[in-house]
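This report refers to the structure that appears directly beneath it.
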Amino acid sequence: MGFDLVRVVQHVHGHLGWLAAAALVHPAILLRHRKRKAHVSVAVAVILPTLAGALGAWIYGPYRDRIKQSIFIDAPWVGLLFERKEHLAFGAILLGWAGAVAYVLAIRASEATRESLRTFAHRAFVASAILALSVASLGTAVASFRSL
């Protein structure tokens, strides 16, 4: 068995997905307090999921070519879990970015607007964290069934 870059990236993607989920939980907790600064937490909570998603998009082609069909033949419900995971991951990344944008806009916003933006940022990170934890769990379930 030779070195397979796609397999290595798949493992990195899976571990990074769990780290991304944890990173999204952090600003969800910190931003409960509307005046708290969480610049690094927000930045990491956007960078890690985006990187995990980019790696996932990169390995999707080999996944589709190598094992997707056999998963759907052997266990269609596992294949559907994987498909659902992709959609939820997109939502988690999108909500993380929405929370980060709201957080950054709140820095220079008027007092009245700042409160609304910070509330939105907190809620977006909570929703993103929930989705990311679901995605990581589904990904682990699918990978334990069959991986590249």
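Summary table below
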{"item": "Subset of segment 6-38 [in contact (Cβ under 8 Å) with a residue 24 or more places away in the chain and among the small types (Gly, Ala, Ser)]", "result": "Gly14, Gly17, Ala20, Ala21, Ala23, Ala28, Ala38"}
{"item": "From the options Val42, Val46, residue that is among the aliphatic types (A, V, I, L, M) and more than 29 Å from Ser144 (Cα to Cα)", "result": "Val42"}
{"item": "Entirely in segment 1-108, the helices (runs of 4 or more DSSP H) that have 2 or more residues that are closer than 20 Å to Thr119 by Cβ and either at pLDDT 95 or above or basic (Lys, Arg) (or both)", "result": "5-30, 39-63, 76-107"}
{"item": "Residues of segment 75-93 satisfying the condition of being in contact (Cβ under 8 Å) with a residue 12 or more places away in the chain and not β-branched (Val, Ile, Thr)", "result": "Ala75, Leu81, Phe82, Arg84, Lys85, Glu86, Leu88, Ala89, Phe90, Gly91, Ala92"}
{"item": "Lone qualifier among Gly61, Gly56 - being under 17 Å from Leu131 (Cα atoms) and of a type in the set (Gly, Ala, Ser)", "result": "Gly56"}
{"item": "Flag if Ser128 is of a type in the set (Gly, Ala, Ser), touching a residue at least 40 places away in the same chain (Cβ under 8 Å), out of contact with any Asp or Glu (no Cβ under 9 Å at 6 or more places or on another chain) and assigned to a loop (DSSP other than H, G, I, E, B)", "result": "no"}
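Residue by residue, here is whether (1) under 23 Å from Ala20 (Cα atoms); (2) surrounded by fewer than 17 Cβ atoms within 10 Å (Cβ to Cβ) holds:
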residue: Asp65; (1), (2): no, yes
residue: Ile73; (1), (2): no, yes
residue: Lys85; (1), (2): yes, no
residue: Ala98; (1), (2): yes, no
residue: Ala102; (1), (2): yes, no
residue: Ser110; (1), (2): no, yes
residue: Arg123; (1), (2): yes, yes
residue: Ala132; (1), (2): yes, no
residue: Val135; (1), (2): yes, no
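The values are calculated or read from the model by the stated rules, or taken from the named source; none is laboratory data. As the structure is a computational prediction, the values presented were derived from the model and not from experiment. Cβ: placed from backbone, ideal geometry, glycine included. Neighbour counts: every protein chain shown.
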